[in-house]
Amino acid sequence: MVDAAGATTAAPLLELRDVSRRFGALRVVDRLSLQVARGEALGVIGPNGAGKTTLMNLIAGDIPVNSGQVVFDGRDVTALAPQERCRVGIARSYQVPHPFVGLTVYENVLVGAVFGADLSEQAARPHVAQVLERTGLAPKADRVAGALPLLDRKRLELARALATQPRLLLLDEIAGGLTDQEVQELLTTIREIRASGVTIIWIEHIVHALLAVVDRLVALDFGRKVTEGDPQAVMNDPAVREIYMGIDAAEELVP
Ligand SMILES: Nc1ncnc2c1ncn2[C@@H]1O[C@H](COP(=O)(O)OP(=O)(O)O)[C@@H](O)[C@H]1O
Ligand SMILES: [Mg+2]
């Protein structure tokens, strides 16, 4: 890409072009366009039902778009299945963790590495060990996933996503339900992942956690972009304050 001054600028890692998704008559994502730069950490906020999780589903390929395009690293991935998008470097965590409950932590991460990153079991082992270390799960590698407390289940969501060696990591309310101390621990991990060069899109209601990491914020409502830009400017935007008025996250808006 060449800008107006003739300088070469890096193409975005992810681009949504006029993406829409309906459920019946409900327009859940409505002609949304968005660019995410390589190495950027983008935060997404918006009230319940704004279409945030659906947006992640559309990026990860868990549900198809009705119209528009999803372009990843210059390639149109709109028609690719989730596992194919995973192979090109898109990984996600789910708002409601869903590990293989009968497998151990280690086995859950191994599955991600073997199927997501396309590694042999042999080649995956050192990578799995590194992911467990990074997410603080190494001491719990042999625990059965179904018996983990919430923080560890959230960490496992992160670990399973990282196991696929993503270039783009999608985090859906990963800090929800955690104590302040647990959120701080998670923040340290997310900052490290970010520092390793992974591009991040993070949906979160706990705005102070988001603001500690992201470079830019997008506010959504009714599947549309309300505003985007500098995180503090977005939080101070009257339209954003209006949307949040009266809901639980309101106190988060006032530092
Ligand atoms: N699979 C689905 N079928 C029907 N409606 C859905 C489906 N998924 C989401 N919705 C509806 O779409 C809207 C946006 O949901 P969602 O993307 O989960 O919002 P958010 O994550 O911002 O809270 C909600 O009204 C929700 O009920
Ligand atoms: Mg959601």
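Read-outs: derived from the displayed coordinates by stated rules, not from any lab. What you see is a predicted model; the values in this text were computed from it and never measured. Because the Cβ atoms are built from the backbone with ideal geometry, glycine has one as well, and the counts that use them run over all protein chains shown.
In whole Å, how far is the Cα centre of segment 173-192 from that of segment 110-164?
Using only Cα atoms, the two centres lie 17 Å from each other.
When the helices in the chain are scored as -39500 (n - 2.57) per DSSP H run of 4 or longer and the sum is shared across all residues, what 222 nm value do you end up with, to the nearest 500 deg cm²/dmol? Present the calculation step by step, with values, prior to reporting the outcome.
Working: 10 runs with 89 residues, N = 255.
That comes out to -10000 deg cm²/dmol.
Over segment 1-113, calculate the relative contact order: mean separation of alpha carbon pairs under 8 Å at least 6 apart, over the residue count, as a percent. Walk me through the numbers on the way to the answer.
Numbers: 141 pairs, mean separation 26.6, N = 113.
Computed over segment 1-113, the figure is 24 percent.
How far is it, in nm, from the label point at Arg143 to the one at Ala195 when both lie 7 Å from their Cα along the line to the Cβ?
Each label point lies 7 Å from its Cα, and together they span 2.5 nm.
Treating the angle as unsigned and between 0 and 90°, give the value, to the nearest 10°, between the Cα long axis of helix 121-134 and the longest Cα principal axis of the chain.
Value to nearest ten degrees: 60.
For Thr104, which sequence-distant residues (separation of 5 or more, or a different chain) have an amide H within less than 5 Å of its own amide H, given hydrogens modelled in the peptide plane?
Counting only residues 5 or more places away or on other chains, the set is Ala145.
Run the numbers on segment 90-165 and let me know its relative contact order in percent, using alpha-carbon pairs under 8 Å that are six or more apart.
Reported as a whole number, the value is 51 percent.
State, as an integer percentage, the relative contact order of the chain based on alpha-carbon contacts under 8 Å between residues 6 or more apart. Intermediate results must be reported in sequence, preceding the final value.
Details: 487 pairs, mean separation 60.4, N = 255.
Value for the chain: 24 percent.
I need the calculated FRET efficiency for the pair Leu103 and Ala233, taking r as the beta carbon distance and R₀ as 41 Å, to the nearest 0.05.
On the way: r = 44 Å, r/R0 = 1.08.
With R0 = 41 Å, the Cβ-Cβ based efficiency is 0.40.
Could you state the angle between the C-alpha long axis of helix 150-163 and the longest principal axis of the C-alpha atoms of the chain, as a value from 0 to 90 degrees rounded to the nearest 10?
90
Please report the spacing between the Cα centers of segment 211-236 and segment 26-48 in Å, no decimals.
Rounded to whole Å, the Cα centres lie 9 Å apart.
Tally the DSSP beta bridges in the chain and give the antiparallel ones as a percent, rounded to 5. Intermediate values should be presented prior to the final figure.
Numbers: 21 of 37 bridges.
Percent antiparallel among DSSP bridges in the chain is about 55.
Among Phe100, Phe23, Phe222, which one shows the highest mean-square fluctuation when the chain is modelled as a Gaussian network with alpha-carbon springs under 10 Å?
Maximum among the listed residues: Phe23.
Grab the Cα-Cα distance for Arg31 and Val96, subtract it from 0.36 nm times how many residues apart they are, and report the gain in nm with one decimal. Walk me through the numbers on the way to the answer.
Numbers: separation 65, 0.36 × 65 = 23.40 nm, distance 2.65 nm.
Computed gain between Arg31 and Val96 is 20.8 nm.
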